[in-house]
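Peer 1: So that we are looking at the same thing, I have put the structure below in structure tokens.
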């Protein structure tokens, strides 16, 4: 399925890197490394140079922390989107928000994609995407309130729940006017889930890709990786790349990442092994 992300289109065999750029002082991973606007802007330039097709800009930490109201979130991301749009016309700009007011403001400044990481908590978000011709990520969080942590969450079948919820949100978005080629689904590892749930989602991701909706996975340095291997945040790259390979084999299309280059290499290698990508060069035994 051809992807249409705002003003950008990608062929049906393309896999895309979505680089994370946090405009927050308290991200679980970078601890505010790109909180300052110029640092965040430099980060955008860095990941674009590394080959990221998408930058995902977020103004609110996903986990628990100090309250960030609508006005503060807009202050963190709206003018920054304008600056990035002017400097990098060829990159897809995604904004990680669950609020329709923020979504509308960033679309006015040229955002291409709305990454609704909290699963339709604000049902108006899809309406904003439709009115601006923006793409939309439909995410499964099990009905969690934004920025809340899962506590003894249970599913009869977490994969079935994720498939049903994301497909329903995707179909609702299309019914509201979002281009079918502009809707992605995300099983949302860790969000509203235990480590066992996230492992099950990874193991059975092919059930989500089989729906035909392009699948985005956000695996980078997640807690389920850390808990599985008993490693802290700064030591999760190897585990992240292992689950990335499994998701690539299952057919995920977009990878939300902290580390662009190694993730791209893993995805490309898997796609070459599975016959979906030719080697960059093949002269061994032929020259």
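The values are calculated or read from the model by the stated rules, or taken from the named source; none is laboratory data. Small disclaimer: the values here were computed from a predicted structure and weren't measured. Backbone-built Cβ (ideal geometry, glycine too); neighbour counts: all protein chains shown.
Peer 1: Please state which of the following conditions residue 182 fails to meet, knowing it meets all the rest: (1) touching a strand residue (DSSP E or B) at 6+ places or on another chain (Cβ under 6 Å); (2) more than 21 Å from residue 205 (Cα to Cα).
Peer 2: (2)
Peer 1: Quick check on the stretch 132-148. Is at least one of its residues within 22 Å of residue 71 (Cβ to Cβ), more than 18 Å from the chain's Cα centre (by Cα) and assigned to a loop (DSSP other than H, G, I, E, B)?
Peer 2: yes
Peer 1: Further question on the same structure: Going by the conditions given, is residue 129 at pLDDT 95 or above, over 20 Å from residue 69 (Cβ atoms) and assigned to a helix (DSSP H, G or I)?
Peer 2: So residue 129 passes the test.
Peer 1: Can you pull out the residues in the stretch 205-242 that are within 21 Å of residue 149 (Cβ to Cβ) and in contact (Cβ under 8 Å) with a residue 24 or more places away in the chain?
Peer 2: Selection gives 217, 218, 219, 220, 221, 222, 223, 224, 227, 228, 233.
Peer 1: Quick check: is even one residue across the stretch 201-208 more than 17 Å from residue 247 (Cα to Cα) and either touching a helix residue (DSSP H, G or I) at 6+ places or on another chain (Cβ under 9 Å) or surrounded by fewer than 24 Cβ atoms within 10 Å (Cβ to Cβ) (or both)?
Peer 2: no
Peer 1: Something else now. Determine if the stretch 115-123 includes at least one residue that is under 30 Å from residue 261 (Cβ atoms) and at pLDDT 95 or above.
Peer 2: yes
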